[in-house]
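Engineer: Please see the structure below; I have some questions.
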Amino acid sequence: MMTLRTPVLIAGLFLSTTAAAQTADDARAALARLGVPAAKVAVTLTPASDARYRVRVARDRVSVTASSPVAAVRGVTQALGRQGRFHASWEGSRVGALTGLAPGDTGWIASPFGYRAYLNTCTYGYTTPYWGWPRWERELDLMAAHGVDMPLAMEGQEYIWRALWREQGLSEAQVGQLFAGAPFLPWERMGNMAGYRAPLSSSWIEKKRALQKRILARMRALGMTPILPAFAGYVPEAFAKAHPEARIYRMRQWEGFPGTYWLDPSDPLFAKLAARFIKLYTAEYGAGRYYLADAFNEMVPPIADDGSDTANAAYGDSTANTAATRAAALPKEVRDARLAAYGKRLYASIADAQPGATWVMQGWLFGADKDFWTRDAIAAFLRDVPDKRMLILDIGNDRYPGIWKQTNGFDGKDWIYGYVHNYGGSNPLYGAPDFYRTDIAALLADPARGQVRGFGMFPEGLHNNSLVYDYAFDAAWPGGDMALAPWLRRYTQSRYGRTDPALVAAWQDVIAGVYDTRYWTPRWWNQRAGAYLFFKRPAGDAPTFPAEPGDRAKAIAGIDALLALAPRHRDSALFRYDLVDLVRHAASLSLDDHVKAAVAAYQKGDVASGDRETARVKRIALAIDGLIGGQQETLASWIADARGYADTPAEARRFEQDAKAQVTIWGGAGHLGDYASKAWAGLYADYYLPRWTMYLADARAAALARRPLDDAAFTKKLRAWEDAWVADARVYRATAPRDAIGDARALMTEIARP
């Protein structure tokens, strides 16, 4: 049978047959990989100016007509999900019997957004550094099921950077010291730091080169439009020193890392390097239409003529130094002219190298550094870039909402609306479904929204809070009541295979008690990161740690109700997974209470109470560690993935240490320790608990000696212990509990005790 390959119109733009030869078979293959037999599905692709699908069900067969393979996969999986026959998530899939299907016709369903974007530059450090093709293939299919058609595609670029800097005369030794360890590469790419935990192995670079080719081929075949990397101006120190005549600035120290080097776009070298990077990239991976270049991610732009304002410039996020900078103090006309020139030349460097291409940038900086990026500064930076050749990813609307309103919809530029939600891959349970629903509806109803072209979820890390992403992407497509109760009925029916009013009511309590918060505020507290107090470096301020967001009473009521319903769902692995996740979250909050109580007791000299609370801390922490041994990710699985990417024992050892460093000490002299803290088996028992055990032992000794504990001395000792832990080669194993529901019930009983 011959398959006719024709160009497909997506979001009003034709893709050539060489760029994306999409066929119905591509959609059917993705559905088959997701568990829907190809024989059950008929797919017809019909070009359209928007993303749309229509699904008909008759005689236990599904027919979909769609604008792209992505839309077809979305349509079929949604139609089956609404009949309780299909669910796919990071934690696993459930495909019910595809017999006895209710006949029906969805009619045409079109997304109000031209694109549905996905991923964050940081995801490629916090989640994917050791992914191979099988895991990426799964993620691409999950993207299609969610209707994602504009993902960031950041793998494989070190192969191009290496070729570029070799061409520019850097020695092999200099190139070898350029790239950071794999989990830290996103911040290397964005110019925040350079060479941390270098060198990066050549075999890793080659593997990611081959992987990116497969990723891009699959994205294009599914009708996705990938966002590709571009040159944003950051150059190696060796290159800067070899070109003293060039206009190269030493940038600020980001989070205590040595300052990096940024080439002014007005320098002739900038356009030359930008064009060469795109040419090399295109030769290796094919041409693109959208290119990401973030020149000032958490970096202050050099505005003074000589760039002297950058060395002491302070980034304005609440987690960093907010002191005024020389850059902000310069005359407005000087600042605006310089920013306008930067924007214009950054765009031109992409457009000249790839005619018709669009410059993409993340809008995170506009919200995170409001002191510098005033309304006028943003307008100046954007004003000389053609409206239709710029795409701003406005990713932070759950943390820094309203930037688009302050800028009149980014002054006519195309932009995508969305949320980060997850930071560092850290995994407390939160996310606000009702906020997403009402917020997206308000955006679409606002005539001042400007040229919003899409919706996106931009998590820094994956593998947690699937419910949040299912709901948010559902809200970006019409076709069902998005009020919480009816949505939960559909969700639980598809995820678990059965539902009832009691299950929906339990989940409503869980949503109200656990999820219904936009941003997990405790993760940054008193200049320390960590999802929970138990995950933060210990200190004497622990008793003042604030209460967590949410409603703990409702959360516990919902969890207890789910435990009562567990016998009805004993055959559902996804039900058990969700229940374990909820219990470990509730227990972690209780753990924080006992940490606070133990420190407070020792500070008051009440050693007996401190000892009782310390014993509770140990008991609960070890119980959590045992309960979550069967969850998707553990310390053991993270290390195994890292070691599995290696070709030699030495490489395996190195990858293991990089992986352990990222989820614990991170790096630098700033606030990054525990930023990527994880609620994983292995970390509770072997990292967080030993740290607090050491601190509480010192606090006890101080109480007995009737003297205050020297926190600074303890932190110094602790950091030496942390470094030794990262270097320790001990083997970790995680074991699923024999009776997860029983252990979850016992842990809830434990934390309920006074």
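The values are calculated or read from the model by the stated rules, or taken from the named source; none is laboratory data. Since the structure is predicted, the reported quantities are computational estimates derived from the model, not experimental observations. All Cβ positions, even for glycine, are placed from backbone atoms using ideal geometry, and neighbour counts span all protein chains on display. Ligands, DNA and RNA are excluded from the accessible area calculation, which covers all protein heavy atoms including side chains. Shrake-Rupley method; radii C 1.70, N 1.55, O 1.52, S 1.80 Å.
Engineer: Can you go through GLU91, GLU158, GLU139 and tell me which one is open to solvent by 10 Å² or more (accessible area, probe 1.4 Å) and not aromatic (Phe, Trp, Tyr)?
Structural biologist: GLU91
Engineer: Oh, and also: Is it the case that some residue within region 610-632 is under 22 Å from MET694 (Cα atoms), part of a loop (DSSP other than H, G, I, E, B) and touching a Phe, Trp or Tyr at 6+ places or on another chain (Cβ under 8 Å)?
Structural biologist: No, region 610-632 contains no residue that is under 22 Å from MET694 (Cα atoms), part of a loop (DSSP other than H, G, I, E, B) and touching a Phe, Trp or Tyr at 6+ places or on another chain (Cβ under 8 Å).
Engineer: When you scan region 233-251, how many residues do you find that are among the hydrophobic types (A, V, I, L, M, F, W, C), open to solvent by 10 Å² or more (accessible area, probe 1.4 Å) and in contact with a helix residue (DSSP H, G or I) (Cβ under 9 Å, 6 or more places away or on another chain)?
Structural biologist: 4
Engineer: In this structure, does ASP698 turn out to be part of a helix (DSSP H, G or I) and among the acidic types (Asp, Glu)?
Structural biologist: yes
Engineer: Follow-up question, since we're still on this one. Please specify each residue of region 711-745 satisfying the condition of being part of a loop (DSSP other than H, G, I, E, B), within 30 Å of GLY667 (Cβ to Cβ) and open to solvent by less than 90 Å² (accessible area, probe 1.4 Å).
Structural biologist: Within region 711-745, ASP728, ALA729, TYR732, ALA734 meet the criteria.
Engineer: Right, here's the next one. Does VAL43 satisfy the condition of being crowded, with 17+ Cβ neighbours inside 10 Å, out of contact with any Lys or Arg (no Cβ under 9 Å at 6 or more places or on another chain) and modelled with pLDDT of 90 or more?
Structural biologist: no
Engineer: Further question on the same structure: Could you list, in sequence order, all residues of region 508-526 that are over 22 Å from TYR491 (Cβ atoms) and more than 19 Å from the chain's Cα centre (by Cα)?
Structural biologist: Result: TRP525, ASN526.
Engineer: Could you please find all residues in region 476-497 being open to solvent by less than 20 Å² (accessible area, probe 1.4 Å), in contact with a Phe, Trp or Tyr (Cβ under 8 Å, 6 or more places away or on another chain) and at pLDDT below 95?
Structural biologist: Passing the criteria: only ALA476.
Engineer: Something else about it: Yes or no: TYR400 of a type outside the set (Gly, Ala, Ser) and open to solvent by less than 10 Å² (accessible area, probe 1.4 Å)?
Structural biologist: Answer is no for this residue.
Engineer: Okay, moving on. Can we say ARG214 is surrounded by fewer than 22 Cβ atoms within 10 Å (Cβ to Cβ), in contact with a Ser or Thr (Cβ under 9 Å, 6 or more places away or on another chain) and within 30 Å of ALA71 (Cα to Cα)?
Structural biologist: Spelling it out, it is not the case that ARG214 is surrounded by fewer than 22 Cβ atoms within 10 Å (Cβ to Cβ), in contact with a Ser or Thr (Cβ under 9 Å, 6 or more places away or on another chain) and within 30 Å of ALA71 (Cα to Cα).
Engineer: Hey, among GLN212, GLN157, GLN168, which residue is touching a helix residue (DSSP H, G or I) at 6+ places or on another chain (Cβ under 9 Å), over 30 Å from ILE395 (Cα atoms) and at pLDDT 95 or above?
Structural biologist: GLN168
Engineer: Then there is this: Kindly indicate the residue of region 434-461 that is touching a Leu at 6+ places or on another chain (Cβ under 9 Å) and surrounded by fewer than 23 Cβ atoms within 10 Å (Cβ to Cβ) and also farthest from ALA145 (Cα to Cα) among those meeting that condition.
Structural biologist: The extreme case among them is ARG449.
Engineer: Hey, another quick one. Just the residues that are in contact with a helix residue (DSSP H, G or I) (Cβ under 9 Å, 6 or more places away or on another chain), assigned to a loop (DSSP other than H, G, I, E, B) and either modelled with pLDDT of 95 or more or closer than 19 Å to LEU263 by Cβ (or both), please, taken from region 348-381.
Structural biologist: Of everything in region 348-381, those that are in contact with a helix residue (DSSP H, G or I) (Cβ under 9 Å, 6 or more places away or on another chain), assigned to a loop (DSSP other than H, G, I, E, B) and either modelled with pLDDT of 95 or more or closer than 19 Å to LEU263 by Cβ (or both) turn out to be GLN354, GLY356, ALA357, GLY363.
Engineer: Could you say which residue among ALA180, ALA194 is in a loop (DSSP other than H, G, I, E, B), open to solvent by 10 Å² or more (accessible area, probe 1.4 Å), within 24 Å of GLY424 (Cβ to Cβ) and modelled with pLDDT of 95 or more?
Structural biologist: ALA194
Engineer: Restricting attention to region 592-608, which residues are assigned to a helix (DSSP H, G or I) and open to solvent by 30 Å² or more (accessible area, probe 1.4 Å)?
Structural biologist: Within region 592-608, ASP593, LYS596, ALA597, GLN603, ALA608 meet the criteria.
Engineer: Hey, among ALA681, ALA701, which residue is among the hydrophobic types (A, V, I, L, M, F, W, C) and surrounded by fewer than 20 Cβ atoms within 10 Å (Cβ to Cβ)?
Structural biologist: Answer to the selection: ALA701.
Engineer: (1) open to solvent by 10 Å² or more (accessible area, probe 1.4 Å); (2) among the aliphatic types (A, V, I, L, M); (3) under 30 Å from VAL510 (Cβ atoms): which one isn't true of ALA379, the others all being true?
Structural biologist: Every listed condition holds for ALA379 apart from (3).
Engineer: List the pairs whose first member sits in region 602-615 and is closer than 16 Å to ALA705 by Cβ, whose second member is open to solvent by 50 Å² or more (accessible area, probe 1.4 Å), and whose Cβ atoms are under 7 Å apart, counting only residues at least 6 apart or on separate chains?
Structural biologist: Here the result reads TYR602/ARG700; GLY605/ARG706; VAL607/ARG700; VAL607/LEU704; GLY610/ARG700, each pair linking region 602-615 to a residue that is open to solvent by 50 Å² or more (accessible area, probe 1.4 Å).
Engineer: So if I check each of ASP723, ASP711, ASP743, ASP739, which one is closer than 17 Å to LEU683 by Cβ and among the charged types (D, E, K, R)?
Structural biologist: Answer to the check: ASP723.
Engineer: Another question, then. Take region 319-347 and flag every residue that is at pLDDT below 55, of a type in the set (Val, Ile, Thr) and open to solvent by 50 Å² or more (accessible area, probe 1.4 Å).
Structural biologist: Passing the criteria: only THR322.
Engineer: Of the residues LEU579, LEU589, LEU565, which single one is in contact with an Asp or Glu (Cβ under 7 Å, 6 or more places away or on another chain) and either modelled with pLDDT of 95 or more or assigned to a helix (DSSP H, G or I) (or both)?
Structural biologist: Checking each option against the conditions leaves just LEU589.
Engineer: LEU533 fails exactly one of the following numbered conditions: (1) within 25 Å of the chain's Cα centre (by Cα); (2) open to solvent by 30 Å² or more (accessible area, probe 1.4 Å); (3) in contact (Cβ under 8 Å) with a residue 40 or more places away in the chain. What is the number of that condition?
Structural biologist: For LEU533, the exception is condition (2).
Engineer: Search region 665-679 for residues that are within 17 Å of LEU689 (Cα to Cα) and pair each with any residue that is open to solvent by 20 Å² or more (accessible area, probe 1.4 Å) and assigned to a loop (DSSP other than H, G, I, E, B) when their beta-carbon atoms are under 6 Å apart and the residues are at least 6 apart or on different chains.
Structural biologist: GLY673/ILE665
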